[in-house]
1. May I ask you to derive the FRET efficiency for residue A:114 and residue A:242 from their Cβ-Cβ distance with R0 = 51 Å, giving the value to the nearest 0.05?
2. Quick check on the range A:377-494: what are the equivalent-ellipsoid semi-axes from the Cα gyration tensor, as sqrt(5λ), descending, whole Å?
3. With a cut-off of 8 Å between alpha carbons and a minimum separation of six or more residues, what is the relative contact order of the range A:1-59 in percent?
4. Could you give me the percent of Cα pairs per 10 Å distance bin for the range A:68-203, shortest bin first, beginning at zero and ending with the bin that holds the maximum distance?
5. Taking every residue in A:447-458, how many Cβ atoms of other protein chains lie within 10 Å of its Cβ, on average?
6. Over the protein assembly as shown, what is the percentage of antiparallel beta bridges among all DSSP beta bridges, to the nearest 5?
7. Other chains' Cβ within 10 Å of A:505-511 residues: what's the mean?
8. Between residue A:637 and residue A:428, with labels modelled 7 Å along Cα→Cβ, what's the label distance in nm to one decimal, could you check?
């Protein structure tokens, strides 16, 4: 939307209302993290700023476009709106974006099939001229999360939007993540030069290896290569598909002595948050005694050369494929990340290789579920329960065991679509845990394996364990959904013979269509990767604190407000969120006021705006000018008339004539 | 291994509903399906 008045400051105040589902609150915070990772837009709890976004559970999912400067601006996340892409979509509206297909130039790229639109819904296919909206010099984006799907508002089975390039018919309407162009537009509109929590990405495609340096005082160097004789034969970024590109870093343990080391250090990085997640792919085909250690070198006044601190390491059986690894860091001083390869004892025909590093100031996932040979699974699995696979059991940091069930070829009712379900399972700590399990949010994220974390369009869903959720049995007893799996679950047996209980599952049959699954980099090297998180979000059951000194200039009924001063106020009825106070024993309204608007009148029933004042001033000026002009003209007329009469009285009998005629 | 008793709750009821489907099913008549133009709409909603 054109107009600077519609922009928010780059840090947007928000208020999460009590009406929101707890799961929705958790997903909203995840959406904010994506904005922080990929743009310079930040969100902070409302502290009394004149304008803020009040997020509530209304009837549906909706938002206004841009900053309306009305105090509290509502944004609704209703039932079934608690998906990250839906929330990002609504916040993009609030930031000032209309839908992609309402661009001024949309007819060059899509055809609106007016006769296929439900009666009375044609107005949903408006477009805005380039005097009202700007495409920010970004090409039309079929993969925008702001684009309608082809079935939007249709009256039958035929699409209402047809893309001029047919290949994009099933691309429009994606609800996974921001597209590249969505991000470009946000970053242009808000003059972002960097994002808030992203720190570093490196695919080692350039000779400068992202400013990484070889360590000194070690025995060997990491090599910048495209392949190694003993493997890997390709990098992970391109999987060898792009001729002339596809580099990675390799530390060979095929030569040298046991104990020989090679250090590779990142450029200096400056943390803001104090916690980071380092993610990368590695290939370990040396000896099982070889090691890859991750250190950080922290700098401060006491340690100008940096102090090393070990963060973690990798050691294990050699494998002939690239593996994904993540590591939580907790650094708050300027630092470098140090990759240390150590040759172990024994024969090696390979070593360690590293590719596609990402470092961001975000929380790491709790676990990884990697499914190998996925296309084979897709080709051979039936739909329904026969094609369902379960993840290993994971344990959260609180001790709860949980598991994911994945219908590879969909359920019987939704074949051709990935279905995902989240289950609690019996585990090692069940006797000391609280049951029913309270407010743990489980998230399954199918990773888009784009090498740059900022460009990943991963697909994720979250469910939250509501300890009050129950069903009533025939005998009247309550069965709590998220109760101890030993009580409400079924006994199952792993392939290794381990027996345990699996609780009931909650999830969705429509996690991701196979068309979208085959797009982007969800399947790479024939593998898919799920990043799994279980997080305690019980803190979100508490009401978000209100600012201490400011009354909320609220506009909807669901906003918490300060109680009225007296019973007198109960029936007085201040309108437009005016606050009633008692003055000299009488109720009086204190009206809401914004930066450029206010309410007035006995009950705040009249709205005023800055523009009204300007109009009044101009009108008054014009009226005064007109009155003065009238007085002047009248005065001149009267004086002139008086002078003529006087002259006629003084010169009687003189006749004026042209004597030269 | 198949469980002896499986209970699965689909939070989407088996329907892949986009934002506009959700709002339309609720009878909302917002601009372009999910855009508020004034706060009267919000209060009504």
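1. It comes to 0.75.
2. Taking √(5λ) for each Cα gyration eigenvalue gives 28, 20, 14 Å.
3. On the way: 57 pairs, mean separation 31.8, N = 59.
In percent, rounded to a whole number, it is 54.
4. Pair shares across the bins are 11, 36, 37, 13, 3, 0.
5. The mean count of partner-chain Cβ atoms within 10 Å per residue comes to 0.
6. 85 percent
7. 6
8. Computed distance between label sites residue A:637 and residue A:428 equals 10.4 nm.
FYI, it's all coordinate maths here, none of it is from the lab. The structure displayed is predicted, hence computed values, not measured ones. As a convention, Cβ positions derive from the backbone with ideal geometry for all residues, glycine included, and neighbour counts pool all protein chains shown.
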